Amino acid sequence: MMGFFKFNKNIKNRQLVYTESTGGWFAGGLGVHLDLTWGLSNSASATGLDIWGVGHELGHVNQVRPGLKWIGTTEITNNLYSLWAYYNLYSPTGSNRFTRLEGETADKTTFPKVAGNRFGEIIIQTQINGKNIMDQFRIDYVNALDANFRSLVPFWQLELYYQLAGASKGAQRLAFDSDMSDEDTQTPSGPGTGVDYAHWFATVAEKVRNTDESQLNQGQLMMNFVKNTCDAVQEDLTDFFTSTGFLRPINGTISDYSTDQLTVTQSMIDDVKAYILSKGYAKPVSPVINYLSANSVNAFKDLLPVSGVTGVGAQITNNAQGQFLLVDNSKWTNAVAFETYTAANQLISVSIVGTGDTTLANTYVDFPSNAQKVYAVGYDGQKILVYPASSLAAEDVKGSNNDFTVYPNPVKNDDRITISIKDAKGNYTCKIHTVAGQFLSEFKGNSEEINRRVNTQFNGLTKGVYILSFSNGNESYATKIIKN
Ligand SMILES: [Zn+2]
C-alpha cells in the first residue's frame, strides 16, 4: 500500500515490535511497544491479535513526514494502515465486510448515536456546514479521539474507491498480502488508461518521499496532498475534496500533541483548483465518492444502479436515539446513501447505507424534526425520492436532466392519461404499485407503448392511490397518481 514493492523500497523485511508488562502501547524510539497487561492475546495471539492497534502503532513508524503528517493527522494517516489491515483480516460475523468506521457507534454531536454515525457526523461538518476537514482539531474544541476517526472517513473513501472499487472503471484491486494488484501484477492499471489506481497512496507517498517539503507550512502540506492525489489517479477530484472539507478555508491553531497554525486561504484553494484544471484531468466516474463506505463498495465497483419505488420500504420510526426514516434496503437496492432535506429543499443530513444496522438489512436514515424528504443516492449520483409518497409531485422526482409529467392527475375513469418524458430515449420499464407498496404490473416499451399500456391498466383499477415508476437504466422517475 505504501509502494515499498512498487517502488522497490522493500529493503527491510522486519519491523521491531517489543512487549513489556507496563507502559502502554505506543510507537517511537526503538519501534512499536506493546503492553501485555492490555490483554495478552491482543499482542501475542495469531487469532486474537489487535489488528487495528498493531496496524496503528506500526502505522506511526511508517508515517511519511512531513508530507503525509500535517498538523492534526498524527492519529489519522497511520490509521490508513489499520483500516486496510482490519478490512482484509478481520472477519465480522455475517457476510458483510466492514471496519470500525462502519461498525462502531460514536458519541453524538450532530448525528444520532447509531452504528456508523461518524460518516453522518463528518458529512454534516464538512459538506453541509462547509467546515475544513481539520476544523474539529482546533484547540478550542474537545473530544479529540473521535475527531481522529471522523476525519479519517474521506481517506478511507479514497482507499475504498481506488484500492477496492477499481475507480468504478474495472481497474484492478490492490491485493492485501503482496503489495501488488490482484490477478497478478502484469498490468496493475485501469483498462486502456495506464493509470495505477490501486497504488494511488503509494504514488502519493513516493512523491512526497522525493520532495523536500521541509519549508512548507501545514496548510501547504495539505494542499499538496490534494494535488498529489489527483496526479496519482489522473482524475479531477476537486468536487470530492471540496465536499470533504480539504478545499475549505481554515485559519486556526490546531492541537495534535503539539500545537501549530493551520492556514488554508481561498487563494490557496483557487491555486490548487487552477493546477488541477491545467492538467486536463477528467472527473471521476462517481460524483459521490464522499458517500462511499465499505457497505456500498460493490455498487461502486460493479456500477450497480439504485432502484426503488417512492413510498415503498420506508417508514418513520422513533427510538431512544432519535427520529429516523427506517429504510428496508431490500426495497432500495444499491442505494449508497440517503439524503435528508427540509421542506425548503435544504440538505440537512446524509446517512450512508447501513447506518444503524451492520447486517445491512435496514438503514436508519437521520430524520430530525425539520426533515421532510429523503432521496436514495446511487453510486453514479442518481437520486430517487424515497419518502414521502403522499406529497410526491413531478418536480420532486430528480431524474438526470429530463422532465417527466403525468396528467391529468387525479384521473377519472374515462380520462386518458398522458405521460410525457422530455427527450425520451429508448425503452422504459414501467411498474405500477399500490401506495402501500403492493406490486400490480410491469411492462416495457418506448414512450408511446408505455402510454398505451398505462391507460389499459388504469381502466381496470379501482379508485385509489397508485405509484407509477419508470426507468430506462440511466434515468428513473416515479410519481403518485390518484384515481377517482
Ligand atoms: Zn497513535
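The values are calculated or read from the model by the stated rules, or taken from the named source; none is laboratory data. Every value quoted in this text rests on a predicted model; they were computed, and no experiment measured them. Reconstructed Cβ throughout: ideal geometry from the backbone, glycine too, with neighbour counts over all protein chains shown.
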- Message: Which condition from (1) in contact with an Asp or Glu (Cβ under 8 Å, 6 or more places away or on another chain); (2) within 14 Å of the ligand (Cβ to nearest atom); (3) hydrophobic (A, V, I, L, M, F, W, C) is the one that ALA106 breaks?
- Response: (2)
- Task: Tally the residues that are assigned to a loop (DSSP other than H, G, I, E, B) and of a type outside the set (D, E, K, R), restricting the search to segment 69-128.
- Result: 26
- In segment 1-53, what count of residues is obtained for those that are part of a loop (DSSP other than H, G, I, E, B), modelled with pLDDT under 90 and either of a type in the set (A, V, I, L, M) or surrounded by 15 or more Cβ atoms within 10 Å (Cβ to Cβ) (or both)? 10
- Query: In this structure, is GLY381 at pLDDT 95 or above, assigned to a loop (DSSP other than H, G, I, E, B) and surrounded by fewer than 18 Cβ atoms within 10 Å (Cβ to Cβ)?
  - Reply: yes
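Kindly evaluate THR99 against the criterion of being over 26 Å from LEU360 (Cβ atoms) and either within 12 Å of the ligand (Cβ to nearest atom) or of a type outside the set (Asp, Glu) (or both). So that I can check it myself, show each step before the final result.
Details: over 26 Å from LEU360 (Cβ atoms): no; either within 12 Å of the ligand (Cβ to nearest atom) or of a type outside the set (Asp, Glu) (or both): yes.
No, not satisfied.
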- Message: Is it the case, given these coordinates, that GLY120 is surrounded by 19 or more Cβ atoms within 10 Å (Cβ to Cβ), over 30 Å from LYS207 (Cβ atoms) and away from the ligand (no atom under 16 Å from the Cβ)?
- Response: yes
- What are the pairs, 6+ residues apart or on separate chains, where a residue within segment 448-461 that is more than 16 Å from PHE404 (Cα to Cα) and without any contact (Cβ under 8 Å) to a residue 40 or more places away in the chain has its Cβ under 8 Å from a residue that is outside any helix (DSSP H, G or I) and of a type in the set (Lys, Arg)? ASN455/ARG416; LEU461/LYS483
- Query: Quick one: is TYR162 under 18 Å from the mean Cα position of the chain (by Cα) and either at pLDDT 90 or above or assigned to a loop (DSSP other than H, G, I, E, B) (or both)?
  - Reply: yes
- Note on segment 72-84: residues within 15 Å of the ligand (Cβ to nearest atom) and in contact (Cβ under 8 Å) with a residue 60 or more places away in the chain are GLY72, THR73, THR74, GLU75, ILE76, THR77, ASN79, LEU80, TYR81, LEU83
- Query: Any residue at all in segment 133-140 that is buried (at least 23 other Cβ atoms within 10 Å of the Cβ), more than 16 Å from the ligand (Cβ to nearest atom), modelled with pLDDT of 95 or more and β-branched (Val, Ile, Thr)?
  - Reply: yes
- Task: Would you please name the residue that is farthest from THR47 (Cα to Cα), looking only at residues in segment 98-117 that are among the basic types (Lys, Arg) and surrounded by fewer than 16 Cβ atoms within 10 Å (Cβ to Cβ)?
- Result: LYS108
- Item | Checking GLN215 against (1) crowded, with 21+ Cβ neighbours inside 10 Å; (2) in a loop (DSSP other than H, G, I, E, B), the condition it does not meet | (1)
- Task: Please go through segment 244-262 and pick out each residue that is surrounded by 22 or more Cβ atoms within 10 Å (Cβ to Cβ) and among the small types (Gly, Ala, Ser).
- Result: GLY245
- Message: As an exercise: evaluate GLY39 against (1) within 13 Å of the ligand (Cβ to nearest atom); (2) out of contact with any helix residue (DSSP H, G or I) (no Cβ under 7 Å at 6 or more places or on another chain); (3) not aliphatic (A, V, I, L, M) and give the number of the one condition it does not meet.
- Response: (1)
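Just give me the residues in segment 355-376 being on the phi < 0 side of the Ramachandran plot and not polar (S, T, N, Q), in sequence order.
So the first thing to find is which residues in segment 355-376 are on the phi < 0 side of the Ramachandran plot, and the list is 355, 357-359, 361-376.
Within segment 355-376, ASP357, ALA361, TYR364, VAL365, ASP366, PHE367, PRO368, ALA371, LYS373, VAL374, TYR375, ALA376 meet the criteria.
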- With the condition kept exactly as written, say whether any residue in segment 8-26 is farther than 25 Å from TYR90 by Cα and within 16 Å of the ligand (Cβ to nearest atom). yes
- Task: All but one of (1) within 13 Å of the ligand (Cβ to nearest atom); (2) in contact (Cβ under 8 Å) with a residue 60 or more places away in the chain hold for TRP52, so report the exception by its number.
- Result: (2)
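Being within 16 Å of the ligand (Cβ to nearest atom), surrounded by fewer than 21 Cβ atoms within 10 Å (Cβ to Cβ) and under 30 Å from GLN323 (Cβ atoms) is the requirement here; does ARG65 meet it?
Against the criterion (within 16 Å of the ligand (Cβ to nearest atom), surrounded by fewer than 21 Cβ atoms within 10 Å (Cβ to Cβ) and under 30 Å from GLN323 (Cβ atoms)), ARG65 does not qualify.
Quick one: count up the residues across segment 273-313 that are in a helix (DSSP H, G or I) and within 12 Å of SER168 (Cβ to Cβ).
8
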